[in-house]
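Novice: Next up is a structure, given as structure tokens.
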Amino acid sequence: MTDRRSNGKGSALLPACRLYVKTSAKGERYLMGRLGGLRVLIMPKRADDEGEHSHNLLLGEAGQRDGNGSGR
């Protein structure tokens, strides 16, 4: 069964990837995951960023998995 959630407007929301909480070397928490060949990062807004947003979505090329099946 597919995990579909209604967004209240009649269309279903589909999960794109799993995200994991990580902590940077500076002690900041962020979310990280993989979406196919992409690395997904959701970082909190920096103090010097302008605008009303709270987070930034960053996409980058994902490195090769180590091949032992863990994917991490």
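Novice: Order the peptides 19-27, 32-40 from the highest to the lowest mean number of other Cβ atoms within 10 Å of their residues.
Specialist: The most tightly packed comes first, giving 32-40, 19-27.
Novice: Taking 0.36 nm per intervening residue step and subtracting the Cα-Cα distance, what contour gain separates Arg65 from Thr23 on full extension?
Specialist: 13.0 nm
Novice: Amide H to amide H, which residues 5 or more places from Ala62 or on other chains are under 5 Å from it, using H placed in the peptide plane?
Specialist: Here the answer is Leu38, Arg39, since their amide H atoms fall under 5 Å of that of Ala62.
Novice: Run the simple label-point estimate for Leu13 and Lys45 please: 7 Å along Cα→C-beta, distance reported in nm.
Specialist: Between Leu13 and Lys45, the label points sit 2.0 nm apart.
Novice: Tell me, in nm to one decimal, what length is gained between Leu38 and Leu57 on full extension, where the rule is 0.36 nm per residue of separation less the Cα-Cα distance?
Specialist: 5.6 nm
Novice: Taking a probe of 1.4 angstrom, what is the accessible area of Ser54 in Å², to the nearest 10?
Specialist: 70
The values are calculated or read from the model by the stated rules, or taken from the named source; none is laboratory data. Note that the coordinates shown come from a computational prediction; the quantities given were computed from them, not determined experimentally. A quick note on method: Cβ atoms are made from the backbone with ideal geometry, for glycine too, and the neighbour counts reach across all protein chains shown. Accessible surface is based on the protein model in full, side chains and every heavy atom, while ligands, DNA and RNA are left aside. Shrake-Rupley method; radii C 1.70, N 1.55, O 1.52, S 1.80 Å.
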